[in-house]
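Undergrad: Have a look at this one.
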Amino acid sequence: RLMGIVIRIFIFIVILFLLNPSIGSAEEDAPPLEERASWYDQWVSMVTEGYTEQYTGFHIYWKNGLNIETRKKNYTLRLGGKLLLDGGDITSDEELHRAFPDLDGGAILFRRLSVALSGTYYDWLAYKVEVDFATKSVKDAWIRIDKIPYIDFLTFGYVKEPFSLERWASITSLSFLE
């Protein structure tokens with residue numbers, strides 16, 4: 001229960017800071033809601049449009065993860081990941097605590113904590129590496145060579161099984177088995 005209250009307070013503070021840029025300044029009056037909304041829209045636009053480095057021409061932006069591209073898109077790199085937490089808090093009365101002494105308390109577990117690195121090299125090579133640290137397993141680790149005459153492409157490595165419910169359903173809509 002205490003953990004839930006702490007998490008709600010933290011989320012509230014983060015939202016408050018994101019929507020009100022004048023927090024922590026000496027201004028007495030907060031800017032109107034329209035100015036805060038425009039500031040937020042500018043910030044989202046800046047992150048999604050990205051930044052182009054002047055000397056190398058690398059374009060860095062955020063779209064479903066951190067993306068880096070060369071000027072002519074000869075080389076692309078995407079860094080992303082997934083984080084799923086499962087938490088709970090159990091309080092017990094004295095009778096239940098005597099029967100199950102280890103029942104009282106709370107815990108937060110990582111259901112999924114994965115990091116993925118994928119990209120392309122020119123238009124003939126693609127790669128992906130995804131590691132799940134919660135289950136200590138490799139989800140994907142492959143290299144694909146495209147534009148091969150007669151067979152189109154060839155993939156080497158460890159590839160996720162493409163014929164399962166887990167592959168086609170979003171990780172946020174999968175049900176727990178317990």
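The values are calculated or read from the model by the stated rules, or taken from the named source; none is laboratory data. Here the structure is a predicted model, which is why all the values come from computation and not from measurement. Neighbour counts run over all protein chains shown; Cβ positions are idealised from the backbone, glycine included. Please note that ligands, DNA and RNA were not included when accessible areas were found on the heavy atoms of the full protein model with its side chains. Shrake-Rupley method; radii C 1.70, N 1.55, O 1.52, S 1.80 Å.
Undergrad: What FRET efficiency would be calculated for the residue pair TRP39, TYR75, taking the C-beta separation as r and a Förster radius of 41 Å, to the nearest 0.05?
TA: Computed FRET efficiency for TRP39 and TYR75 comes out at 0.75.
Undergrad: For the stretch 45-154, give the percent of accessible area contributed by carbon and sulfur heavy atoms, probe 1.4 Å, rounded to a whole number.
TA: The computed percentage sits at 61.
Undergrad: Ok, one more. Among all the lysines, which ones have a C-alpha under 28 Å from LYS82's C-alpha, if same-chain residues fewer than 8 places away are not counted?
TA: Of all the lysines, those that pass the test against LYS82 - Cα under 28 Å, at least 8 places apart if same chain - are LYS63, LYS73, LYS128, LYS136, LYS139, LYS160.
Undergrad: When ranked by the protection proxy of mean other Cβ atoms within 10 Å per residue, highest first, what sequence do the peptides 55-66, 133-144 form?
TA: Packing proxy ranking, top to bottom: 133-144, 55-66.
Undergrad: Give me the distance in nm between label points sitting 7 Å out from Cα along the Cα-to-Cβ direction at LEU113 and ILE143, one decimal.
TA: 3.0 nm
Undergrad: Ignoring ligands, DNA and RNA, what accessible area per residue does the stretch 26-158 give at 1.4 Å, in Å²?
TA: 77 Å²
Undergrad: Considering the zone a paramagnetic label at GLU49 would reach in this model (a point 7 Å from Cα along the Cα-to-Cβ line), which residues of the stretch 66-82 have amide N under 20 Å from it?
TA: 66-73
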